1. Simple spin-label model, 7 Å along Cα-to-Cβ: A:GLU39 to B:ALA23 in nm?
2. Could you list, in their original order, any pairs among B:LYS30/B:LYS91; A:LYS91/A:LYS119; A:LYS117/B:LYS30; B:LYS91/B:LYS150; A:LYS61/B:LYS130 whose Cα atoms are separated by more than 26 Å?
3. What is the distance, in nm, between label points placed 7 Å from the Cα along the Cα-to-Cβ direction at A:VAL84 and at A:ARG32?
4. If you put a point 7 Å past Cα along the Cβ direction, how far is that point for A:HIS102 from the same point in each other copy, in nm, smallest first?
5. Rounded to whole Å and sorted largest first, what semi-axes of the equivalent ellipsoid does the C-alpha gyration tensor of segment B:37-88 yield via the square root of 5 times each eigenvalue?
6. Mind listing P(r) for segment B:54-151? All alpha-carbon pairs, 5 Å bins, whole percents.
Protein chains: 2
Amino acid sequence: MSLRDIAAPKKKPRPRYTRQLTAKQVRAMKKRGYDAERELVHMLRGEGYDAVRVPVSAPSKEPLPDVFAVKADSILAVEVKSQVRYAYYKKAQVQKLFEFLHMHRLYPRRYAVLAAKFKYKGWWFDVAEKLDDYTLKIDRGLTWNELLAKISRPMPTV
Amino acid sequence: MSLRDIAAPKKKPRPRYTRQLTAKQVRAMKKRGYDAERELVHMLRGEGYDAVRVPVSAPSKEPLPDVFAVKADSILAVEVKSQVRYAYYKKAQVQKLFEFLHMHRLYPRRYAVLAAKFKYKGWWFDVAEKLDDYTLKIDRGLTWNELLAKISRPMPTV
């Protein structure tokens, strides 16, 4: 390696693959997330759940879900995504749901619910039973009625 | 009443008794509230509670406390204030604590805790048992140890 190579290395900086969003796009994303969470709260209330949206201003380390809901002896911790085709749930997000549910271990039935609202295509769900990354896409996962059926009968708790 | 009176009424607009705060003062207030909430979370964890701060970006209609904590069969919903001499808890804020606790009625023991951190004078507490306005001031209320004693034995639930 010559001194010239050291002084002016040819290697280009690694390109960034993160999306660059304008302030307007960020606002639109937040609004879309907010609307989806509110819609889900209303859907849950319609099924007899006490449901609450947790307005977290910034990514927080606290083990709080986007939405939580209670009905009799069951509690749901829900991570809500509003996307076009795919919704990704990272292990760390699933971990937060598990921590929240662990705190409420007095409830005999506890469910870590992954919810995805796809543009023009409606809602798809999953119930996370192990600590892992999850993906939801259109037509893959549980429908709303399938989710309700699943969480209305006893299952292994986390 | 003359036309002149109607055209130029002598009555002055009612003075506003609200404080006018600069952006810097608002930031300092928020920081003080945040620090008090974090401190209380650590105090509760030291007593074996699972405690979580709820970061609410704006005054929200959702029935969420500033802090909630769980230990065995008891749950606390806490409204935290950081003030100089007096801390006021409006009925509507107490109502939110009651609603949150009502949602978690599976817990046999539920406490709506009012917490005030006074500058240089430390913490004072109360447990709200009826829906009303409350005031805490220095040397009036429960100390931390008195609060712990009160919530560690069964009491009428809300």
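Here, each number is a calculation from the coordinates, and none is a lab measurement. Nothing here was measured: the structure is a model prediction, and the numbers come from that model. All Cβ positions, glycine included, derive from the backbone under ideal geometry; neighbour counts span all protein chains shown.
1. 3.5 nm
2. Violating the 26 Å limit, Cα to Cα: A:LYS117/B:LYS30; A:LYS61/B:LYS130.
3. Using points 7 Å along Cα→Cβ, the separation is 0.8 nm.
4. Counterpart label points of A:HIS102 in the remaining copies fall at 3.3 nm.
5. They are 20, 15, 10 Å, listed from largest to smallest.
6. 3, 14, 25, 25, 20, 11, 3, 0
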